[in-house]
Structures are given as structure tokens and as C-alpha cells.
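Take a look at the structure below.
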Amino acid sequence: MAIDVRKGWILGGLGLALLAATLLWAWQDGGERAPMPMSAPAMLPKVGA
């Protein structure tokens, strides 16, 4: 029983640490960088060829 309680606390602590790290990264970044590029090269078909 004590092991189950300890396991729950450890998992909860890891979840909170992950959430805190994500929020800290987002706060530090300040929205300057997008998670992925917003533009990509496009392949357009040739007209009349």
C-alpha cells in the first residue's frame, strides 16, 4: 500500500515538473519562435509546357 502511494506521488511530481518545464519554456520564449515553420516551399505546375 505504501508503495502504491509513493508511486502515485512520484508520477504526480513528474507530471508537475513536466508541466512546469513546458510553462517555463513558453514564458521564456515569449512567443518569439513558432513550434514549427509556418511557411514551406510549394511545388507549382508549369503552365503551357
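Worth pointing out:
- Residues that are modelled with pLDDT under 85 and among the hydrophobic types (A, V, I, L, M, F, W, C), drawn from segment 1-24: MET1, ALA2, ILE3, VAL5
- Filter result (under 10 Å from the mean Cα position of the chain (by Cα) and either in contact (Cβ under 8 Å) with a residue 60 or more places away in the chain or open to solvent by 100 Å² or more (accessible area, probe 1.4 Å) (or both)) within segment 19-32: LEU23, TRP25
The values are calculated or read from the model by the stated rules, or taken from the named source; none is laboratory data. What you see is a predicted model, and the numbers here were worked out from it, not measured in a lab. Note: ideal-geometry Cβ built from the backbone for every residue, glycine included; neighbour counts use all protein chains shown. The accessibility values were calculated without ligands, DNA or RNA, using every heavy atom of the protein model including side chains. Shrake-Rupley method; radii C 1.70, N 1.55, O 1.52, S 1.80 Å.
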